[in-house]
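The structure under discussion appears below in the form of structure tokens.
The values are calculated or read from the model by the stated rules, or taken from the named source; none is laboratory data. Values in this document were obtained by computation on a predicted structure and should not be read as measured data. A quick note on method: Cβ atoms are made from the backbone with ideal geometry, for glycine too, and the neighbour counts reach across all protein chains shown. Areas reflect the complete protein model, heavy atoms only, side chains present, ligands, DNA and RNA absent. Shrake-Rupley method; radii C 1.70, N 1.55, O 1.52, S 1.80 Å.
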Amino acid sequence: MSEAPRTLPRMSEPSRCLVPGCGEAAAAGAPVELCAPHLGAAAEWIGRRDGVTDVLPTPCLLCGSRLGV
């Protein structure tokens with residue numbers, strides 16, 4: 001008695017960027033379906049609002065920390 005041939009699972013289409021007219025593939029693992037360039041632009045926008053933590057070249061004279069915003 002022979003077994004029925006196994007069928008492979010269907011591959012789904014990769015997600016596309018949500019920006020109208022873009023059409024690029026969404027970045028894998030991103031929390032929002034955006035392509036890498038649009039995801040980078042969104043991250044820069046948030047950095048403008050919230051600031052970016054950066055390492056200072058010398059420790060702060062007041063507290064001694066090298067982290068700044």
Practice problem: Find all pairs meeting these conditions: Cβ atoms under 6 angstrom apart; at least six residues apart or on different chains; first residue within the stretch 52-69 and more than 30 Å from GLY40 (Cβ to Cβ); second residue in a loop (DSSP other than H, G, I, E, B) and not hydrophobic (A, V, I, L, M, F, W, C). | Solution: PRO59/ARG66
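Condition first: modelled with pLDDT of 75 or more, among the basic types (Lys, Arg) and outside any loop (DSSP other than H, G, I, E, B). Can you find one or more residues in the stretch 9-26 that meet it? Spell out the reasoning first.
In the first step, residues of the stretch 9-26 are kept if they are modelled with pLDDT of 75 or more; the result is 15-26.
With the extra rule that they be among the basic types (Lys, Arg), the set shrinks to 16.
Now narrow it down to the ones that are outside any loop (DSSP other than H, G, I, E, B): 16.
Yes, the stretch 9-26 contains at least one residue that is modelled with pLDDT of 75 or more, among the basic types (Lys, Arg) and outside any loop (DSSP other than H, G, I, E, B).
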Quiz prompt | Residues that are part of a loop (DSSP other than H, G, I, E, B), in contact with a strand residue (DSSP E or B) (Cβ under 9 Å, 6 or more places away or on another chain) and open to solvent by 100 Å² or more (accessible area, probe 1.4 Å), drawn from the stretch 50-69 | solution = ARG66, VAL69
Practice problem: Considering every residue within the stretch 32-49, establish whether at least one is more than 30 Å from GLY68 (Cβ to Cβ), of a type in the set (D, E, K, R), at pLDDT below 90 and loosely packed, with under 11 Cβ neighbours inside 10 Å. | Solution: no
